[in-house]
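First up is the structure itself, then whatever we jot down about it.
The values are calculated or read from the model by the stated rules, or taken from the named source; none is laboratory data. Everything numeric in this text was worked out from a predicted model, so none of it was measured. Cβ sites come from the backbone with ideal geometry, for glycine too, and all protein chains shown count toward neighbours. For the accessible areas, the whole protein counts, side chains as well, though only heavy atoms, and no ligand, DNA or RNA atoms are used. Shrake-Rupley method; radii C 1.70, N 1.55, O 1.52, S 1.80 Å.
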Amino acid sequence: MQETNFRATANDALDTATTDVKTLVKDAQTLLTAAASLTGEKAEEMRTRGMKLLDSAMGKAGEYKTEAVVKGKQYAEATDVYVKENPWRTVAVAAGVGLLLGAILGRK
């Protein structure tokens, strides 16, 4: 049950991160494209705003990367605990997966 909630939370966070970064980059591209046709002070202002948006997108991406690393470590810890609490079940699952992969690869 905890693993399912963990996955749902991670998937929701990833979807949000992807949407946020895509939106920021798209806005920055729009501003920079518009600024390319302008000259003078207005163009410089638009380029500055575009660069700020791109910097913001990079910052968000860094935050999400950090969060992903933390979640990955939590998954690893949970897996470690499960393996230690259920060693024979883990061995059985690993043997089953190995047998299945062997059968699939043996057919080709």
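Structural remarks
- Gain upon complete extension [LYS65, ALA34; 0.36 nm per residue less C-alpha separation]: 8.1 nm
- 1.4 Å probe accessible area per residue over the chain, in Å²: 79
- Considering only alpha-carbon pairs that sit under 8 angstrom and 6 or more positions apart, the relative contact order computed for the chain is 24 percent.
- The coefficient of translational diffusion for the chain, derived via Stokes-Einstein from the alpha carbon Kirkwood radius under 37 °C and 0.692 mPa s, stands at 183 µm²/s.
- Carbon + sulfur, % of accessible area of the range 43-108 - ligands and nucleic acids excluded, 1.4 Å: 66
- Close Lys-Lys pairs in the chain, where close means Cα under 28 Å and separation is 8 or more or interchain: 20
- Here the dipole of the range 26-108 is about 440 debye; that uses its Cα centre as origin and unit charges on the Cβ of Lys and Arg (positive) and Asp and Glu (negative).
- Gain on full extension, evaluated as 0.36 nm per residue between GLU41 and VAL97 minus their Cα-Cα distance, stands at 13.8 nm.
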